[in-house]
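The values are calculated or read from the model by the stated rules, or taken from the named source; none is laboratory data. None of these values were measured; they are calculated from a predicted model. Backbone-built Cβ (ideal geometry, glycine too); neighbour counts: all protein chains shown.
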């Protein structure tokens with residue numbers, strides 16, 4: 001492969017085109033591989049589903065309110081800027097010694113891709129919702145944009161530029177600790193720390209403490225607890241009973257009804273079930289007949305199956321699923337006119 005960093009340097013060992021699953025396309029440079037990884041993220045279904053997962057404002061129809069998708073795009077933009085500032089903090093000699101010289105663009109793209117990925121696989125948000133501060137019924141839309149949005153955007157840009165420069169400087173100064181994996185957060189100390197602390201304090205005291213937020217948190221906890229309670233029997237039943245339910249049977253080996261278990265399993269995506277089955281196959285292959293350990297691992301994989309399924313739900317689907325399994329709504333997926 002052409003365009004690779006020097007393998008004897010720190011970043012020559014870190015920046016690699018090697019994947020767990022080899023690419024079918026050969027002969028690409030590291031820059032092209034980095035762009036391909038970014039494209040894989042942008043075009044995958046789990047990334048698109050982030051549009052219906054709450055970041056702060058849950059189940060909000062206002063298009064200007066952040067979702068996890070827009071948040072991830074914003075984080076990737078900030079991450080790219082931070083990476084640029086970090087590279088600028090090094091002189092040419094240091095860049096060459098570290099193995100970054102000539103590899104600046106793929107490094108920046110790797111950071112951007114990692115930022116796009118950072119919310120994939122997260123658990124279901126607490127569905128926290130705060131009062132949309134820009135939604136003021138006493139103000140016209142035009143006046144909101146002029147009086148609030150523009151100064152807010154200017155403030156946001158200034159804060160990002162300031163903190164990104166501090167992060168870049170800290171990245172350069174803490175390079176030894178970073179390569180060892182022992183570095184503290186880049187903005188924990190230094191000139192940017194007081195500003196970051198002030199922003200966090202403001203959000204906690206002025207946004208997340210409102211009654212609307214607290215009410216939504218109560219609802220969110222009820223939804224998540226209700227879903228976990230509904231699927232609890234699948235995680236605590238013995239393996240034979242679960243296998244029967246997984247096969248769609250309505251009774252276990254002792255003749256006891258397991259129709260509800262079968263119905264709950266039937267709601268889980270086939271992709272999650274395929275991951276569960278593959279994990280069992282690998283355990284059987286690698287554990288070499290140790291049935292005791294296999295039983296323990298099967299229970300762990302089963303718990304992970306349930307947690308992954310609930311974690312992957314969008315906010316709306318989680319609410320609808322809770323209404324269905326709790327009997328609150330017979331057909332929560334039907335749109336009522």
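Under 27 Å from residue 318 (Cβ atoms), assigned to a helix (DSSP H, G or I), free of Cβ contacts under 8 Å to residues at least 40 places away in the same chain and over 30 Å from the mean Cα position of the chain (by Cα): which single residue out of 245, 279, 274 fits that description?
Working: 279 fails: over 30 Å from the mean Cα position of the chain (by Cα); 274 fails: over 30 Å from the mean Cα position of the chain (by Cα).
The unique qualifying residue is 245.
Return the residue satisfying two criteria in turn: it lies in the stretch 315-324 and is in contact with a helix residue (DSSP H, G or I) (Cβ under 8 Å, 6 or more places away or on another chain) and surrounded by fewer than 18 Cβ atoms within 10 Å (Cβ to Cβ), and of such residues it is nearest to residue 232 (Cα to Cα).
Among residues in the stretch 315-324 that are in contact with a helix residue (DSSP H, G or I) (Cβ under 8 Å, 6 or more places away or on another chain) and surrounded by fewer than 18 Cβ atoms within 10 Å (Cβ to Cβ), the one nearest to residue 232 (Cα to Cα) is 317.
Out of the stretch 203-214, which residues are without any contact (Cβ under 8 Å) to a residue 40 or more places away in the chain and assigned to a helix (DSSP H, G or I)?
Matches in the stretch 203-214: 203, 204, 205, 206, 211, 214.
Before we move on, is residue 284 assigned to a helix (DSSP H, G or I), buried (at least 17 other Cβ atoms within 10 Å of the Cβ), assigned by TED's automatic domain parsing to the domain that holds residue 321 and without any contact (Cβ under 8 Å) to a residue 24 or more places away in the chain?
No; evaluated as a whole, the condition is false for this residue.
Is there a residue in the stretch 252-265 that is in contact with a strand residue (DSSP E or B) (Cβ under 7 Å, 6 or more places away or on another chain), modelled with pLDDT of 85 or more and either assigned by TED's automatic domain parsing to the domain that holds residue 50 or not in a helix (DSSP H, G or I) (or both)?
Yes, some residue in the stretch 252-265 is in contact with a strand residue (DSSP E or B) (Cβ under 7 Å, 6 or more places away or on another chain), modelled with pLDDT of 85 or more and either assigned by TED's automatic domain parsing to the domain that holds residue 50 or not in a helix (DSSP H, G or I) (or both).
Find the residue count for the stretch 17-35, including only residues that are assigned to a loop (DSSP other than H, G, I, E, B), surrounded by 10 or more Cβ atoms within 10 Å (Cβ to Cβ) and in contact (Cβ under 8 Å) with a residue 24 or more places away in the chain.
Here the count works out to 2.
Pairs please, first residue from the stretch 307-330 and farther than 16 Å from residue 119 by Cα, second anywhere and outside any loop (DSSP other than H, G, I, E, B) and at pLDDT below 85, Cβ atoms under 6 Å, 6+ apart in sequence or on different chains.
Short answer, once both residue conditions are applied: 316/52.
One residue is enough: does the stretch 63-72 have a residue meeting the conditions in contact with a helix residue (DSSP H, G or I) (Cβ under 6 Å, 6 or more places away or on another chain), within 21 Å of residue 187 (Cβ to Cβ), crowded, with 18+ Cβ neighbours inside 10 Å and modelled with pLDDT under 80?
no
Can you tell me which residue among 112, 93 is over 23 Å from residue 207 (Cβ atoms), out of contact with any helix residue (DSSP H, G or I) (no Cβ under 8 Å at 6 or more places or on another chain) and modelled with pLDDT of 50 or more?
None of the other options fit; the residue is 93.
Evaluate the following for residue 229: is it part of a loop (DSSP other than H, G, I, E, B) and either modelled with pLDDT of 90 or more or assigned by TED's automatic domain parsing to the domain that holds residue 316 (or both)?
Working: part of a loop (DSSP other than H, G, I, E, B): no; either modelled with pLDDT of 90 or more or assigned by TED's automatic domain parsing to the domain that holds residue 316 (or both): yes.
So residue 229 does not fit the description; no.
Tally up the residues in the stretch 187-202 that are surrounded by 13 or more Cβ atoms within 10 Å (Cβ to Cβ) and either outside the structural domain of residue 158 (by TED's automatic domain parsing) or assigned to a helix (DSSP H, G or I) (or both), please.
Looking only at the stretch 187-202, we keep the residues that are surrounded by 13 or more Cβ atoms within 10 Å (Cβ to Cβ), and these are 187, 190-193, 195-196.
Those still in the list that are either outside the structural domain of residue 158 (by TED's automatic domain parsing) or assigned to a helix (DSSP H, G or I) (or both) too: 193, 195-196.
The total comes to 3.
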